[in-house]
Each structure stands twice: as C-alpha cells, then as structure tokens.
Amino acid sequence: MKTLSKIWNGFLNIFGIRKNSRYVKSYLNEANMRSAIFMSSVIFVLEIWLVLRQTQKYIIPTLMDSENTASIFQVLFQNTSNFFLLMSMGFAMFIYSIQYVSKVRTVKRLVWTSIFAGFSLIICCLLPLEFYYKSIKFNNDVNIIKGVFKIFFYISVVLFDIGIIFASIYRYKGGKRASLSSVMVISLFAFVCLMFGIMVSYGDFVSVKTVKDASGNLVYMPDGSGNVMYENKQIICFLMFTIYIGCLLIWNPLISIGILGTLFLGFYFAIKGAANFGQRRFPEGDEVNYLTFVISLTMVCISIYNQRISEAKKDEELEELATKDKITGLLSFEYFTILAREKMKEGDLGWGGGAYLFLNLSGFKIYNDQKGFEKGNLFLRETGKIISEVFPDTLISRQSDDHFVVFAKNEQLEEKIKKINEILEVRDPDVKLGMKAGIYVTTDRLERPRICVEKARYAYGNLKKLAGNHVIDYYDIEMHDDYLMAQYIVTHIDEAIKNGYLKAYYQPVVWSKGRTLCGVEALARWIDPRYGFLSPGKFVPVLESSQLIYKLDKEILRLVCRDLRHNLDLGLPVLPVSINFSRADFGVIDIVQVVSETIEEYKVPTDLLHIEITESALTDEEDTLKNTINRLHEKGFATWLDDFGSGYSSFNVLKDYEFDVLKLDMKFLTGFNGNEKAKALIKSVIAMADQIGMKTLCEGVETAEQAAFLEESSCGRLQGYLYGKPLTYDELMGRIESGEYNLAKELLR
Ligand code: C2E
Ligand code: CA
Ligand code: CA
C-alpha cells in the first residue's frame, strides 16, 4: 500500500498535478516569464532575418520582373506581413516579460508594449486584403484547411494583442492577480506561434500541384498533374513547438502535454489526410521521427519542470527561514516590518489609524521554569494561535522571547486584549498567565514600522509605572516627549562622552561620630547643550534598558580616577570615592577588569575606590555576581551594597555575599518623625549588620534629628542633603579649602 501510494505520488509529481504552494506557483511563473524573455527575443531576431530573406529571395526578384503586374504594396504585404506581425508581437512580449521580471514598472515600457502589440493588431486588420489578393482561397480541400488555419492564426494574434495590452496595464497598476494574467499572455503567445508553425508547415507539406491557367492564375488539378509549388520542408513548425510548448510545460505539464499531444496528432492526421487529396505523401520515416520528437520533447520539458519545482522548494524553505518564526510559525520580525511598511504605504489604515501592539506574556518565565523548555515553546506557539484568532487578518510576529507584536486596525483593541486574557486565565491552574499591551496608533503612512513598534514597546514599559493592575497603555503625547528624550539619550551617549557633557558630581559622606568628611559618592550628571542639565533619573533607566549603561559607568570611573590623580599630583586632599555600577553592567563588561585597568592607567591606589552595587542586581545572575565581588575583594576594592531595603531585600543576601558596607536606602527615613516602628527597624538592621561584621551607611539624611538618631543607633556613616547635595569637583574642593568640611583624621597627612 505504501509503495503504491509512493508510486502514485511520484506520478502526480512528475506531471505536476500536485497542489503547489503560492510561493512555488509564483516562482514557476517567474521562471516562465524569464524564459519568455529569451524566447520572444528569439522570435524577434528570427523574424527580422526572415524579412531580410524574403526581401532578397522574393520581393526584389518580383519587382525586377518586367512581367510583374502586382503593386509594390501587394508584393510587400504578401511576402512580409506575417513576419512583421510576429516580429512586433515578439517585441511586445519581450518588453512585457522584462517589465514582469524586473518588478520595476515604468510608463515607458507600458507604452512600448502597447505600440508593438498595436502594430500587429493593425496588420491583422488587413486580413480582408488576403482575400482580395487571393492569398486565401477556398477552391479545394487543401486550400480550405489552409485558409482555416490562417484565419485561426489571425484570431489568436488579435486575442494576444488585446490580452497583452490589458495585462500590461493591469500589471502596471500593480494588480494583485498579475500572475494569472501573465499565464494568459504566455499561453496566447504560445498559441499564436503554434498556429503560425502549423500554418506554415502544413502549407509546405501539402505541396500543391498546380498549372497556370490562361490569365496566369495557378489552378489546382484534382488528378494531381502540374508542378509542385513548394518543396522546402520548413522546420519552423517544430521550432515553435519546441520552444513554446517547452515554456508552457514549465507552468503546468499536464495541460501542456494535452495541448502538445492534440496539436501534434491533429497536425499529423491533417498531413496524412492531405494524401487523400492527391497530395505528396507523408514520408514514412518522418512519421517515426515525428513521434520520437514529441516524446523526447515532453521528457525534456518534464525534467525541466521538476528541476524548477525542486529549486522553488529550496527557495521556499530558505524564504520560510527568513520570513517565519520557527517556534510559533508567525512572521519573523524582519518580515513583519516589511509587510507592515507595505500595508502602511497602501494607506489601508482604516478610519481610526493603524495600531501597533507590543504584547508581553506575563508569567511565561515561571511557566518555562516549571514545565521545561519544550512545553514552554509549545505554549508560545499556542499563544501565537490565540493572538491570531483574536486578531484575524492582521500581521503578527514574535519579536523575541515572550514578546509579540501586532499591526491591526484601531478597532476594539481593549476588548481583544481582554479576550486574550480571559483565554489565558483558564489555561493553566498552576501558573498565573496574562497578557499586557502597549499600543501605538499612527495615521502617518510613512512612519517606519520599527519605530512604531518601539513606541508601542515604550508604552508597554510605562505600564509598570502606573499604579493598579493595568493591562493596556496607549502611547500618548506626554510619552512621546519621554520617548524622544530616550531616543536622544541612546543616540547621543557616545557624543556626550566624547565632548565631556558627562560630569562626575560628588556627594559628601561623613562619619556619624564627629561628622567629619570621610568620603564622597560619585553621581553622574549630563549637561547637554540642547536639553541643559539632566539628572540620572532621566538617563540612567534609559541607558540601563538599552544595555548602554556600561558606557556611562566606565566614563564616570575614568573621570573620578582623573580627579583623584589630579589631587594626588598636586598634593591636595584626597577622599575615597564610591562609584555606582548598574546591574545591567554585569552581563556586558567585566567590571573587575575595567576597574583594574583604569586605576592602573591613572595610578590610583585601590583603597580610594569603593564599588557600589545595587541590591536589585542580586536577583539576577547570582554566580557572576558572587564571582565579581570575590575578585574585587582579591584586588583590594571594598564593595558596598547600595539601596538596601528599597526592593526585595532578603537577609540571605547578607549571608551569601561578602559586602563591606551596607547602605540603608533613604526609604528607611521616610515618615521617620514619630514613627517608632521605623526607628526600631533601623536600629535592628544596623545591629544585625554590626553582628555579621558589616559597616553601615544611611542615605538621605536631611535633618539633624535623623542624624542624631542614627549616631545613637551606631550607624557608621551618614550621607544626605544635611551634609551637602552632590557638588561639582571645584565646589567640593572649594568647600574643603574654606574649612566648611572638616576632613576625617585618617585623611589628614
Ligand atoms: P543612588 O546611588 O541611591 O544615589 C543617591 C541618590 O540620592 C542621588 O540621586 C542623590 O542626589 C540622592 N540624595 C542624596 N541625599 C539625598 C537626600 O538627603 N534627600 C534626597 N531626597 N535625595 C538625596 P541622583 O544623583 O539623582 O542619582 C539617582 C540614582 O541614579 C542613583 O541612586 C544611582 O542609582 C543612579 N546613578 C547616579 N549616577 C550613576 C552612575 O554613575 N552610574 C550608575 N550606574 N548609576 C548612577
Ligand atoms: Ca549609590
Ligand atoms: Ca542608594
């Protein structure tokens, strides 16, 4: 059974009776059109040659003949009209196929195609002249067949000319069913050539025996007497068959074999039948040649067809790789942007504009961890299907991980997201799944899809900032300003570093005992020529999310080392500086290496730098982090745990990591006044740190009361506006010089 179906399938394949994908169809069609370019140019050249030949062989001798009574026009018409007709058709076809294949549609090409098709159309209109000049006669059986062939030939030319003009206009206007019209054009063209081939070859094979009557006209004698008029067996017919049926076969072998077979057989019997009218017999050897020719031609064509099919499939696979997302089968993001761009240009944005949605599947990471990679992938696929069902006939892509993007009409978007969430809610009892969306609606047809998706993503990012459980946020005007700012930051960070727009400001840190200055924290500022003073709240999150924060951190480190070197060189007071590193740095740079190289360059002692790592970093890659901290210790740098208590503090962090100093987040001090609980908390955190051998620093100290409390609770260091806001290097040095700050005694030499 298996082998039977295999054989059957093989049969279907060979004859092209399988269903081909749209891609393969259009591939075949284009291959067809490419062959049409070559074949039409063959026709074109061939006909020029034939016109020259006719001129030399018949026209000139006839005109020179003193007995000739025909007018010049008649002589020209009878000897060359068919060739001119084919030549202009060939040229029209040539331009049309070039226009088709090159995909560039120009008016010039449209005009040329029409002019040449029109030219052969005009020649066709001269058909009555053929009767007038008696080129077509109906005075015997053979002539009737010849005449009918000729009339068919003219009809097919007229159809082709009209067809190609319409197809060109359609194609030029960007019609969607261009491939269908091109199949029609090619078929008609092949048909014309077949008719021509048959007409000529038949006329030649049935070499009519005639005698001249009294007035010089040739008369057919039923008894077969007289002179044979034509005997040069023209091969043109075969040529046409070969080329054009070959061309058709590539598009659809079965249909073509049908046409080929019928015409060959019909032609064969017509010639055989001619013998009955007393004509020259069809030579027996030729009969066999004929058959072999048809068979081998068919085979060659089928082989070409199958070769093309396999090429098309390979191409299709490659294209699939490039246009489809492997996991979900949705569009690849690249391809999504291309299609979205086309859609936007077509202007089909509906009344409410086109909407870009950036969708994020929440809970997916947990799902993946619980169920494993494979199930995770299946679930992504399922999610893709859910989105496709809720957003039918739209462009959908998986951009990365569990992020999907959709380009849809701006209609009932909220309802649709709600629907997706309803489906997801009941999907899995163990994991809470949900879908959140950032939406950007545009009416600007020329806006680039990539930017639109960025904006939708930006709106999604904003969701986190909103209070409550929102699942949708639209990109709006305010966000637009932020977005532009974010864009500006990302694209100008290099320039800012190069031109020195980034500055290191220094905020004083004091010992709680005696309040003498024991160090500073370096805080970044961006003083931009266009936007003026920018605080880290503006640029740090943007640089973090775009993984560019390492550039800033490296620069601040360099500026700090440069300032330290400066003071060391001039013998000015030197304060230890703590430097902030972002959690986003760990994956991108080797902090230990960067710090070591920089202090080497500026010859700064290791004990002058403290490395601050924020608490939220510890939730990420534990191993990398532990490793980094250990290596920093080995090199002699102190590590400070920043923002302790601001987020998901876990006391395990203190157990698992070797930090030297614990920085209590300023949140501990909010609502400090009269809040006994807050006080108790601070006290116990400090006590606990003390017990495990960690020093403490409290941030955000603004009042003397707070400072007194912290001193009493044995917090080691204090930092806050009470002791100074972040200052420029010059301000800081000025204040030290003026005696506003007293240096801690260990810093005095
Ligand atoms: P942070 O590391 O927690 O820095 C302390 C922030 O608190 C600074 O804000 C400082 O000006 C502010 N501050 C200090 N004392 C007080 C006070 O008494 N009251 C109040 N309300 N605020 C006080 P800033 O300079 O705006 O920096 C914000 C954040 O940006 C920093 O928080 C840090 O996370 C980040 N950042 C700043 N510079 C850098 C840098 O060079 N690299 C990295 N990765 N992050 C940086
Ligand atoms: Ca800090
Ligand atoms: Ca902090």
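The values are calculated or read from the model by the stated rules, or taken from the named source; none is laboratory data. Everything numeric here is computed off the predicted structure, so don't read it as measured data. Positions of Cβ are backbone-derived with ideal geometry, glycine not excepted, and every protein chain shown enters the neighbour counts. Just the protein is used for accessible areas: all its heavy atoms, side chains included, with ligands, DNA and RNA removed. Shrake-Rupley method; radii C 1.70, N 1.55, O 1.52, S 1.80 Å.
Against the conditions (1) assigned by TED's automatic domain parsing to the domain that holds Glu521; (2) open to solvent by 30 Å² or more (accessible area, probe 1.4 Å), Leu747 satisfies every one except (1). For the range 662-681, the criterion of being open to solvent by 60 Å² or more (accessible area, probe 1.4 Å), assigned to a loop (DSSP other than H, G, I, E, B) and at pLDDT 95 or above is met by none of the residues. Look at (1) more than 49 Å from the chain's Cα centre (by Cα); (2) aromatic (Phe, Trp, Tyr); (3) away from ligand 3 (no atom under 15 Å from the Cβ) and you find that Phe637 fails only one, number (1).
Within the range 133-148, not a single residue is of a type in the set (Phe, Trp, Tyr), in a helix (DSSP H, G or I) and at pLDDT 75 or above. As a summary of the residue check, Asp393 satisfies the conditions (1) more than 17 Å from Ala340 (Cβ to Cβ); (2) open to solvent by 100 Å² or more (accessible area, probe 1.4 Å) except for the one numbered (1). For the range 494-562, the strands (runs of 3 or more DSSP E) that sit wholly inside it and include 2 or more residues that are modelled with pLDDT of 95 or more and within 9 Å of ligand 1 (Cβ to nearest atom) are 502-511, 517-528.
Pairs are defined by a Cβ separation below 6 Å, a sequence spacing of at least 6 or placement on different chains, a first member in the range 301-316 that is closer than 10 Å to Val24 by Cα, and a second member that is of a type in the set (Ser, Thr, Tyr); the pairs so defined are Ala312/Tyr27; Glu316/Tyr23.
Within the range 714-730, is even one residue within 15 Å of ligand 1 (Cβ to nearest atom), under 21 Å from Pro508 (Cβ atoms), hydroxyl-bearing (Ser, Thr, Tyr) and without any contact (Cβ under 8 Å) to a residue 24 or more places away in the chain? Looking for residues that are within 15 Å of ligand 1 (Cβ to nearest atom), under 21 Å from Pro508 (Cβ atoms), hydroxyl-bearing (Ser, Thr, Tyr) and without any contact (Cβ under 8 Å) to a residue 24 or more places away in the chain, one finds at least one in the range 714-730, hence yes.
For the range 562-594, which positions are farther than 27 Å from Thr614 by Cα and within 16 Å of ligand 3 (Cβ to nearest atom)?
Within the range 562-594, none qualify.
Looking only at the range 14-41, which residues are under 13 Å from Asn252 (Cβ atoms) and either open to solvent by less than 40 Å² (accessible area, probe 1.4 Å) or touching a helix residue (DSSP H, G or I) at 6+ places or on another chain (Cβ under 8 Å) (or both)? Matches in the range 14-41: Ile14, Phe15, Gly16, Ile17, Arg18, Asn20, Val24, Lys25, Leu28, Asn29, Ala31, Asn32.
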